[in-house]
Every structure is written in structure tokens, then in C-alpha cells.
Amino acid sequence: MLNNQGRPTAAGEATASAHPTFTGNKALQVEEALLFEIGRAEVTGVDLDEPEAVKSRLGGLERKGAIGLVGLSEPETMRHFVRLSQKNYGIDTGLFPLGSCTMKHNPRLNEKMARLPGFGDIHPLQPQSTVQGGLELISELARYLMVLTGTSAVTMSPKAGAHGELAGMMAIKAAIEAKGEGAKRNVVLVPESAHGTNPATAALIGFVVKSVPARDDGTVHVEDVKALLGPDVAAIMLTNPNTCGIFEPQVVEIAKAMHDAGAYFYCDGANFNAIVGKAKPGDLGIDAMHINLHKTFSTPHGGGGPGAGPVVLSERLAPFAPLPFIRKEGEKLVMVEDASDAGSAQPFGRVTAFHGQMGMFTRALAYMLSHGADGMKQASEDAVLSANYIRAGLSDLMSIPFPDHPSMHEALFDDEWLKDTGVTTLDFAKAMIDEGYHPMTMYFPLVVHGAMLIEPTESESRASLDLFIMALRDLAMAAKKGDTARFSGAPYHAPRRRLDETRAARTPILKWTPPAPAQAAE
Ligand SMILES: *Cc1c(COP(=O)(O)O)cnc(C)c1O
């Protein structure tokens, strides 16, 4: 039985939790127990024939007792998983304003294309002659990525943005080693505002990370970079547009400074959605940049996978791209799997077993083809317009840390405006859940106190943006009026209330243990 204390509301309106229900359900929001709690070992939803008796070849290692896995009937199975799926909030449910994540609509057309048997049912170990269409799809997508970024090489196999960072930085490392500078160039510069994966990637492959201080206006100053440059610097990892939602005004000067110092420019391209069709990172002087297909090209985010993070490379880095890659030989497309077949290239190795995420490639190409060049450009323009619309709609109530720079694809607020209200960024985010919104990105980037990073993307209609703005305005005014009760216990209407997220992350309970047998009633 849930024991939610209800929040007192205006006009005597009873909250849902003021009347605890017998079942624990809240109207049609059904409480769902774990499979282990509701399942029974003797029940199954399938009806299989008894297996034929065979002579065991397990040499005495056969299972002795029952395995004890629980089962459900078919309708129970269906309900269990449908109910669980209904507890999920996704981009198909509503506005998903996570900044730095680009949660955009995943068109159903892409799903349909990815399920075509010729793409969906092929196997990575099939003879290459039987998957020429699949290879053509990969190389066509690769070509579009090079056109959109203004680069001449791309490695398709990395399976996420962070994985792409690793591949790109390993290519940089290989290039430095090929020049015989491996021992001396061991420093990577990372701005304070960077995504955590940047310093983690550099450190993982043995670089020493040096932090570039953030300027008061949220951008990186070329002079601050130059002050750190020396013969020991291998590269900079710079995000553009950056994690404050600002296009780095000195990105070209920074690229030049790096190159003049014999170092490389790794660009974190997670925010490419803001500039597709408008600016080519290759023209800005990047040497390597990952593209999160699951952010910019509308493929689904998948809880750590399957994403896709192809990395475009400058001519200087192209020879060091990892295996495998596709080469055209006459009319045939060949997936080069072995360094001995790589010709003059010097691949640093490989980052994944096969060629990358075929399903994501198919979806991304479907997105590109259905939008066309003009459509992709418009998507970027609309994403930027939506972010600035939200910024303008809230800027009289909520404080903006960098008012002098227009926002690109995401609007960044700090918690200055919440000072003395007794409401924190976390409280505000939790109250958004009561209003039916997934919270925005909180407390990131770290350089902004109590950051709230909102990225609406191009997916939202004007009406949807207006409702979102009105809901946030209502919350902001409540906070300023001192209605702390609306925030301190929020969310009030969610199936679960305020959770101890730190403890959940630090000491997760990963194993279900049966509850102790119930005490006999007195
Ligand atoms: C999302 C993101 C990453 C990491 O990408 P994944 O695909 O989640 O691994 C890196 N940098 C920035 C700025 C991001 O937003």
C-alpha cells in the first residue's frame, strides 16, 4: 500500500494520494510488481512438446534440481510488459527537454526501413558478395556524413558518441606515434565545460588531461588555449556548439593555434544538430569529430546502446582510421577487415567486432533521404529557433548565465533566480514531472551553478512549446511566491515519489531476494 502524503492544493481539491487505494493503483496507473513476485515456477505461456530423450553428453554436469525460473501465462506476460512499458516516458510520449542529448522525434519511416528483410535480417558473417546492398547503404551514409561535415574520411564502426571519441583520439595517438612524437606529446586540453566523456576518453588512453578555464561568457578563449600549448600537447577536445549552447566564436583561431603547435583538434560533435546544413566542421579546422546518429540523425537513443558514433577525419588522420572500412574495387564493394589489405593506410586497430550498427545506419540514411538537404538545414534552423523561443519565453522569470550570446539548439538557465526561494534546481525539475514533463538536464554543464539545460529540438510544434513555457512559468511564479510545498515533496503525482538517486547510483540493489516469510498474525 502506498503511503503518500498528499500535497494540500487550492480550492479544497483532493489529491490522488489523499485517498489511498486498496490496490495501490492510481486510477488507470497500475502498480506493477516484479516478475519474481508475481510469477510462478509451474506456469508458462508456451506449450512445447516434451523433448525427445537424448543421451546426455554433459558428463555428469546436468542440472539436478528444478531451475526455479518463474513464468506467467500469456495474457499475464503481455500485461506485465505492457504496463512496464507504460511507466516509461519517451519522446513518443511527450516533450523531452534534456539538453546535450538531442531527444528528437524518431520517424516511423526509419523503423520501417530498418526492418526491411534485406537490411534487418542480414548477418555480419555473411559472404560480402551477398550483402552488397548493405555495404552500399553504409558507404552512401558515410558519403553524406562527409559532405555534411566537409571532411574526406569517416570511420563508421564506433557504437556511441563516447566510443567515437575513443576511436578519434586513438587515431590522433596513432598519428602522433607515426611522427615519432608519442613519448613527448602526452597532454590533451579539455575545457571546463566539456562533457565528462571527453576527459575520461583522453585519460583512458593514457593522456594527461589539462583543463582550459572557462571564460565568464561560457566560451573558450584562444589566448587561454595558447597559454597551455607546448610541445607536450597532443590535442584539444572542444565541443562546438559547446555545452552551454553557444557557438564557440573563436573556434577557427583555436584550430589554427592547435595546428601551428603541431597538435590536433578533436571536436565533440554531439551538438551537430544545431548546425547541419549551415556550417561544415571541416571548414572550421577539425581533425576528428564524432557524430551521434542517435542525436543528430533521429535514430533512437537506447540506454547505452545501440547508438552509433561515426567519426569524420581530416586528411591528416584518415590513414589511421580503424578497421574495417569499405573500399570500392571495380563494381564491387569490399569491407577491408585486415591491416594487410589496407594498402598504404595504417589503421590503428579496430574498435568493434564488426562494421557498426546496421540498424542505426539504415534509420539515419532514411532520415537524410526523407528530409533532403533543404529539410536537414531547416531542421537545424527550427531546433535553434525553438530553443531561442523557450529562452525568450522564460527570460523575464529565470536567469540566463550568458545573456550576451544567442542560444544555439539549447537554452541554458542557472539558479540565480531561485536564490532565497527555498527551491533548488532539483526541486524545480521534480515539479516538472507533476506537470507531465521529463525534466531538463540539471547541474550540467558544471561551470554554471544549478544549471538547467533545455533542448526542445525541432520536433515540437509552436503549441507544444507554448504549453511547456506556460507550465514552466507557472512553476517559476509559484517558486517566487514562496509556494515551497509544491516543490519540496515533488513529484506528487508520479507512481514513485522523490527517490534517493545518489544511493540508488552508489549502492544499487541488483539482485532480488525473496522477502522473509510473513510473521504469523498475533
Ligand atoms: C551525448 C554526448 C556525448 C556522448 O555521447 P554518447 O552517444 O552518449 O556516448 C559526448 N559529448 C556530448 C557533448 C554529449 O552531449
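The values are calculated or read from the model by the stated rules, or taken from the named source; none is laboratory data. Remember, predicted model here, so these are calculated numbers, not experimental data. No Cβ is skipped: glycine too gets one built from the backbone with ideal geometry, and neighbour counts run over all protein chains shown.
Here the range 215-258 is the region considered, the condition is being surrounded by fewer than 19 Cβ atoms within 10 Å (Cβ to Cβ) and at pLDDT below 95, and the residue that is nearest to residue 185 (Cα to Cα) is 215.
Looking for something surrounded by fewer than 16 Cβ atoms within 10 Å (Cβ to Cβ) and either part of a helix (DSSP H, G or I) or of a type in the set (A, V, I, L, M, F, W, C) (or both) - is there at least one such residue anywhere in the range 415-438? Yes, that holds for at least one residue.
If the condition is being more than 25 Å from residue 111 (Cα to Cα) and among the hydroxyl-bearing types (Ser, Thr, Tyr), then the range 329-363 contributes 340, 344. For the condition surrounded by fewer than 17 Cβ atoms within 10 Å (Cβ to Cβ), out of contact with any strand residue (DSSP E or B) (no Cβ under 9 Å at 6 or more places or on another chain), at negative phi and not charged (D, E, K, R), what is the one hit in 373, 379, 364? Exactly one residue qualifies, and that residue is 373.
Matching residues to (1) surrounded by 12 or more Cβ atoms within 10 Å (Cβ to Cβ); (2) modelled with pLDDT under 90:
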position	(1), (2)
19	no, yes
22	no, no
28	no, yes
32	yes, no
35	yes, no
40	no, no
48	no, yes
59	no, no
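Annotation for the range 201-211: at least one member residue is of a type outside the set (A, V, I, L, M, F, W, C) and assigned to a helix (DSSP H, G or I).
Once the range 146-200 is narrowed to residues that are assigned to a helix (DSSP H, G or I) and β-branched (Val, Ile, Thr), the residue that is farthest from residue 293 (Cα to Cα) is 176. So, residue 94, is that one assigned to a loop (DSSP other than H, G, I, E, B), away from the ligand (no atom under 16 Å from the Cβ) and either of a type outside the set (Ser, Thr, Tyr) or more than 26 Å from the chain's Cα centre (by Cα) (or both) or not? Yes, satisfied. Answer yes if at least one residue in the range 500-509 is on the phi < 0 side of the Ramachandran plot and surrounded by 14 or more Cβ atoms within 10 Å (Cβ to Cβ), and no otherwise. There is no residue in the range 500-509 that is on the phi < 0 side of the Ramachandran plot and surrounded by 14 or more Cβ atoms within 10 Å (Cβ to Cβ). Entry remark, the range 259-309: residues being within 11 Å of the ligand (Cβ to nearest atom), buried (at least 21 other Cβ atoms within 10 Å of the Cβ) and part of a loop (DSSP other than H, G, I, E, B) number 10 in total. Among the candidates 283, 287, 268, the residue that is assigned by TED's automatic domain parsing to the domain that holds residue 187, in contact with a Phe, Trp or Tyr (Cβ under 8 Å, 6 or more places away or on another chain) and within 19 Å of residue 149 (Cα to Cα) is uniquely 287.
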